[in-house]
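What follows draws every value from the coordinates through simple rules; no lab data is involved. Bear in mind that the values here come from a model prediction, so they are computed numbers and not experimental data. Glycine also receives a Cβ, built like all others from the backbone with ideal geometry; neighbour counts cover every protein chain displayed.
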Amino acid sequence: MADAGGAFVTRSFERMLKESSGKKYANLQNALKAYLGLAAAATMTEAGKTLEGSEAEVVLLPLRLAFETKQSKIIEPALDCLHKLISYGHLEGEAGLTGGKNEAMLTELFNMVCRLLILFSYGLGSVVLQVIKVLLTAVASPSYHVHRECLLTAVRTCYNIVLSSKSPVNQATAKATLMQMMNTVFIRMENNTESLTVGQQDGVLMLRTICKLAVKEETDDLSNRTKILSLDLLQGLLEGVSDAFTVNYTFIDFVKAYLCYALLRSCVSPTASVFQMAVNIYTVLLQRFRESLKAEVGVFFSLVVLRSFDNPETPPPHCTSVLKMLEKTCNDPQLLVDIFVNYDCDLESTNLFQQLINSLSRMAQEPPPVEPNANPIVVTQYRFVTGLCIQCLTNVLQSLEAWTKKDGLGPVEMDDPELIQYRTPKRGSKFEMNNVMKIDSEPTDEAKITTQADDFEKAKARKVSMETAVIEFNRKPAEGIKFLLTENLLPNDPKFIARFLHDTPGLNKKQIGDYLGQHGEFQLAVMHAYVDGMNFVGMKFDKALRMFLNGFRLPGEAQKIDRIMEKFAERYCRDNGNLFKNADTAYVLAYAVIMLNTDAHNPQVVTKMTKADFVNINSSTGAEEHAPKELLEEIYDSIVNDEIKLKDENAIGPKHEEKSVLLDVLDVLKLGGASRKAADMKQESENIIKRTQAAFRKTGQKQGVFHKPDHSELARPMLDVCGLALLAAFEVTMERTSDEAWILLCLKAFYTGAGLTTSLGLQNLRNTFVAGLIRFTSLHSAVEMQNKNVEALRALFDLCQNRIDALQSSWKSVLECVSRLEFITTSPFFAVTVGPNQIFREDLLLSLLDLMEKPTEQVFANTVKLPGDVAVEFFSGLCEVSAKELNEVPPRVFSLTKMVEISYYNITRIRMVWGKIWAVLSLHFVAAGSHDDEKIAMYAIDSLRQLAHKYLARSELAKFTFQNDILKPFVVLVRSSKNPTIRALIVDCMIQMTKSKVTSIKSGWKSVFMVFTSAAFDYPEISANAFENVEQVVLEHFEQVMADSFMDCVNCLIAFANNKSQSSARTSLKAIALLRICEERLAEGHIPGGVSRVVAEERGRDQEVAENYWFPMLSGLSELISDPRTEVRNCALEVLFDLLKERGHNFSGPFWKSVFHRILFPIFEDVRREFSYEGKLESKNIWFRETCIVSLRLICDLFSSYYKEVSFLMPELLRLLLDCATQPDQTLASMSMRALTRFTEEGGDQFKVEDWTTLLEHIRDACYATQPKELLDPETMFTFDTSQSSVWTHSGTVTTPGSDQLLMDGYTLKNGEEAAVGAGESAQITGKGGFIGGVMKSILHYRRKSVPPESQSGTTSEEFDDGDDIHSSDEESLALQKVRSKCVIQLLLLSTIESLQKHHWQRFEPSQKLLIMDTLFSLVEFAASYNSDIKLRQRMRKIAGDWPPPSLLRQEAEGTQLYLAMLTLSAMGHEADATTKESKRNWINMGRKSPPPESEKLRQEAERRLMAFYGHVLREIITLQSRPGDTTPTDVYKSLSVRAPVTVKVLKALSTMENRVFEKHLPQFYPYLTRLICCDQLDVRKALGELFLMRLMTLLPEY
């Protein structure tokens, strides 16, 4: 407080007075005494009081005089007093500011203090420190303001102290004072927001001064130190300003104006210390000012970083400085992302991030010095630089990883709909060609999260496409333009194409000119748009032409130049209309200027064009049209003195990889390449400075927008761009180095890269990182393993433990490493297979053994933590590795064992995931279970059983099939394995599981029964064991089993029933009995969805249930009917038809159809085929007689029982019966016809009219098909193709080969009823040997039951032709047997027809009656034609040899009588009598009141046929009758005897005939009756007498 009260001044003055004793300092003594003598001296310097006027002069005068003494003892207290006066605020004013308060006094005093440094700079340090103290206090004082020149003086003073003082303390103090001064000035500048204030002027002045000092030429050590100090101060300044000041555009403008130039010159300095300071300053700019200095930061990045890396002459210290800077930069995630977004994603900027990574990667891959005597310093520098590069690249990966983990900015889960919101782009948010990013300046946080990463990624993709377009254009312009349009980079508009050619850097000027000169319509439009886009208003002609030609190089073809110059002239004249009268003048002048430019500057042109020549060329036209002479002379001088050049004509062409760069700043790099080795370094630096300054001026005109990215997914495009370069550097380093630090860095990078690419979804890059890490484990070549390979393996295991999701499809390779490691560590030659030599071998062995324990086990234990899809990949890879192990010699089971273990761990996963895992495991277990090594196969099956047993403990809901999927491998194995031991093991596994988990198994029963089904056909021991278990399951656990697997159980039982290898049929019979039990349970409703629960209305569901439940059971029983074991097939037959009869009422019509077509009819499939007589029939005789015949009867009974439901199947049933009836086996045919007869007798009352028609048509077709036509041509019967004799069709008709004509006289078989009737009409044959004669003989012979007529006749073999070829062999006997079978079938058909006539004649419709009569007539006619031909029968007997020849006598006789009976019933009154009773009742039942009209037609037709038949009989006997008195020959008498019985029948029929009919036909019969009076046969005369008695009144003529 004493000092504050002014005591400090008194003490200082008293000390000064004491030291200034003597006359030499009289003035000083007087001034001191004057102050000390004042009474108010104590109050003049009280606290808070400011010295003004005289008071200030009284205090300051002694101080000035003290400074003039040059005595340190006097000056020191004076400086201390001045320091306190300023510090305590007693002095107030503006030093150095013209017109300021106390300006003169304070300025003089301040300058005196600064001049003291000259006296004591090399002297006492205490005075220097006092001076520094006063200067700093003055500058920092809030009342004593130092401005302008005084401020600069203070700066220079401190500079001098730092540079000239020999005291380190003084130097450090002065340097710190300078820094504090700068901070003070710029803080005042920041607080004073008004433009061009004194404070701002001071800051600008100080900044400019320091920047000027920083650009001094480095000619000596002092200049170098000055420059370093200045740069250090600038760095401190940039680091010290606040964050708000970094976006202060006033300050930024001054930084651009002064600091950038100073930094530029420092960047090209060859001095390492200067370059280091430049790097430090650039680091501050990059970290703090990149938002405000976007373009400048980009330029300096190319200059500082890329140039240092790309220039091979860059000194190592320079590279080291840059790398240390980059090490910090690469540790800043935000900085890296900012660089990528604002430069790599901006069309107008270079790819800084990408080039940085590429350069670092290239330097890291530089090969080490290989010379034997290489300089150790060079080797050390190489190692240091390479290590820094690896560290930087590793930092990049770690920064990207940190960026993806930002709080609240993690990757958006794309499967979460609540986090996915797409923002509609606003107008102006699209990426334009010259302004890529126009994102809203203040987007919402939500919009930024959802769109920012996508927008920048699209921008990067667009930039890459644009760079590709530039490359394509420089290669071939048309392809480049096509690429732009194809990729939608530009609209298909000439204006946009022209703008692209004009504004896009990097385009080849020659290619631009060539494209503009094309004559195509679109190219012409582009050229016109290109020229029209330029503004020549007010320009001189030569200047306009220079600007025009600066963008491209004129093509070499004259026509192209002509088009371009013509358009230029037109545009120039439009913009400058008063200069030329027309455009032709401008066109000619433009051509002349081009010629002059070539002539004047081409060294090969010897004779140059003079000014007069140039003027004459352009004055050849009229005076009014050519350009003025003065203008022409001015243009001449301009062109001659300054050649028209392209802007980059003298520049070195860019490297191939730099052609896509779109910023002119990159041209800086072109000056530092290897091609500039001979250039002067100083001149090179000056060129770089000039070009960079030009770039600054260009970029300053359009400052780009700086974006502030914050979305974590931006790391994806960054890593996508640099991933391969990073990976290449790490791989090369790992291959070359043995340095532990480098190895750890590379492995850390592999680890980070694998996890990062996984998080970002870069699958291909992730696979590459993981593959690289796996490759460096070197397990594939254990002999070459080193410690780094062990570390790589350790890193791989760390990755498996900590980033288990990063492997995915690479798990296979990882597991191969684990398998290989296990093989190496367990190999008996382990100790000699690892490591290149004994030195490393022991350590490697211990390391590998250590890794084989816990780390390896942890790989498998951590599978429970894997996501579902990754777990599937893991199991897939493990299965593939295990498959390779099993194929080795000897096979290994390491992976198979681990597979079983981890399956236990993962079996509790959700079923969706476990189902995918099991789909992979099951295939491998099948492959392992099928291994040739029985032990391995058994181990795999046992492991599979354990897994299945554990999984079956989990409950399963209805309709799921997981259990079935688990057990399916057992099914595949039991079916495919050829080893009975394996199959027995599988069956035992199934039995064990069914016994222990019977209550838990649901869908698994399907696979269980499939296994047992396969076992049913296995060895007896296996089969018996399996059936015992199946029997127990069905009997004891039916309700638990059959709910889901009823049909599988049925199929299993059918399989056991079909096992024909059993020594006894006991198992098969038990299986059939169990099938019966299953059927009963099904019918009782114990099976869900059984038929008994289906209502009648649900026929669609009924059909489905029937197909799913009943049909397989019925089909299985049907197959058993063909079993060779009698007891099995009889039991199956009984059960099948019992089941159908008992349950058939629940079946629908469609299902009945399926039953008949797919179950019942196939029983007779073999029978229905035409048999050859080569032993096939005999092998099945037992089955035919014991089963087939019974089956025919049962099927007919079943059909009758359910006739209403199955009536629509009548045609198929009839076809079956008749097919069987027409087979060669007579027993089968007989039983078939009996079954048919029984069927019609029992079920005929249910038949409908159409059913009868169908039945009769089938009978008719069967009669035609079984006619033994071979008898009509005996010699060819043995070559006759039976398969072509008749062909049955579904329509019930018969066709014959070659012709429809049957082998009968005048009879033709046609389809339909009318054809049959017509056949009867045309079949009336007369004459000897005709039909009637044969009929009479046949009847006679049949009644006598004698041998055939040919055996009684006296015909001898001479009656045959000599050329007859007679055969008598075994083959012929077989053919005869077939013919004989046909004859028997004909008799059976006659019997069936007779049965129909007896029982159902009254039910037939007239057309049906006519049909059956026609059929019968055809049958009888064929038999008669054969029987009446004596020679034919003799030939037949000759052919038959020892075998009795076939005979048709019975067919003819019985058929004739039946035919006559039918005709009589139809034509006479018997039909009418019957009609009155039963038939009338039938008609009423059919809805009719009277007989149909067809009945009368039938009667008339029958009457006509009957009368014709009677007439033939009477005429034949009359013909043979002798005249009265003549003797009857013996042979005629025999013929009369044969015909007598038939004649008697005819006469009796005439006696009982209706009067109406008799009278009608009496004229026809009367002549015959009168002649028969003389007949020799008594029976005939007797019958004739009875006729006369009954018909006397009719015979007598009327009067």
Return the long-range amide H neighbours of G93 (sequence gap of 5 or more, or a different chain), with a cut-off of under 5 Å between placed amide H atoms. Y144, H145
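Rounded if a/c is under 1.5, else prolate if a/b beats b/c, else oblate: with a ≥ b ≥ c from the C-alpha gyration tensor eigenvalues square-rooted, which is the range 159-315? Kindly include the intermediate steps, with their values, before the conclusion.
On the way: a/c = 2.08, a/b = 1.09, b/c = 1.90.
In terms of gyration-tensor shape, oblate.
Take the Cβ-Cβ distance between K708 and D253 as r, set R0 to 22 Å, and report the resulting FRET efficiency rounded to the nearest 0.05.
Details: r = 22 Å, r/R0 = 0.98.
Once the sixth-power term is evaluated, E becomes 0.55.
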Contour minus end-to-end for R1125 and E634, with contour as 0.36 nm per residue of separation and end-to-end as the Cα-Cα distance? 164.1 nm
Computed ³J(HN,Hα) along the range 152-162: with the Karplus parameters 6.51/-1.76/1.60, θ = phi - 60°, integer Hz and x for glycine or proline, the list is 5, 5, 4, 5, 4, 4, 5, 4, 5, 4, 5
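Contour minus end-to-end for E1559 and K540, with contour as 0.36 nm per residue of separation and end-to-end as the Cα-Cα distance? Mind showing how you got there, number by number?
On the way: separation 1019, 0.36 × 1019 = 366.84 nm, distance 14.46 nm.
Gain on stretching E1559 to K540: 352.4 nm.
Using the structure shown, select from K324/K405; K898/K997; K950/K1006; K216/K690; K216/K256; K458/K509 the pairs with a Cα to Cα distance greater than 20 angstrom. Let's see the in-between values first.
Details: K324/K405 26 Å; K898/K997 26 Å; K950/K1006 18 Å; K216/K690 17 Å; K216/K256 18 Å; K458/K509 29 Å.
As for pairs spanning more than 20 Å Cα to Cα, those are K324/K405; K898/K997; K458/K509.
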Take S619 and A176, extend 7 Å from each Cα along the Cα→Cβ direction, and tell me the distance between the two endpoints in nm. 8.2
Roughly how many Å is it from the Cα centre of the range 1258-1274 to that of the range 770-817, as a whole number? 88
What order, most packed first, do the peptides 635-645, 585-595 have when packing is the mean number of other Cβ atoms within 10 Å of each residue? 585-595, 635-645
Of K460/K510; K495/K611; K1248/K1560; K406/K865, pairs whose Cα-Cα distance is over 31 Å: K495/K611; K1248/K1560
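Mind running the shape call on the range 547-644? Use the C-alpha gyration tensor, a ≥ b ≥ c as the square roots of the eigenvalues: rounded below 1.5 for a/c, prolate if a/b tops b/c, oblate otherwise.
Values: a/c = 1.72, a/b = 1.14, b/c = 1.52.
It comes out oblate by the Cα gyration axes.
Which of rounded, prolate, oblate describes the range 56-188, given a ≥ b ≥ c as roots of the alpha-carbon gyration tensor eigenvalues and a/c under 1.5 marking rounded, otherwise prolate only if a/b is larger than b/c? Spell out each step's value before the answer.
Values: a/c = 1.81, a/b = 1.14, b/c = 1.59.
Oblate shape, in that a/c is at least 1.5 and b/c is the bigger or equal ratio.
Going by average Cβ density within 10 Å per residue, which order do the peptides 1151-1160, 982-991 take, highest to lowest? If you can, show how the numbers build up before the last one.
On the way: 1151-1160: 19.2, 982-991: 21.9.
Ranked from most to least packed, the peptides come out as 982-991, 1151-1160.
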Efficiency of FRET between A478 and E842 - r from beta-carbon atoms, R0 56 angstrom, step 0.05: 0.25
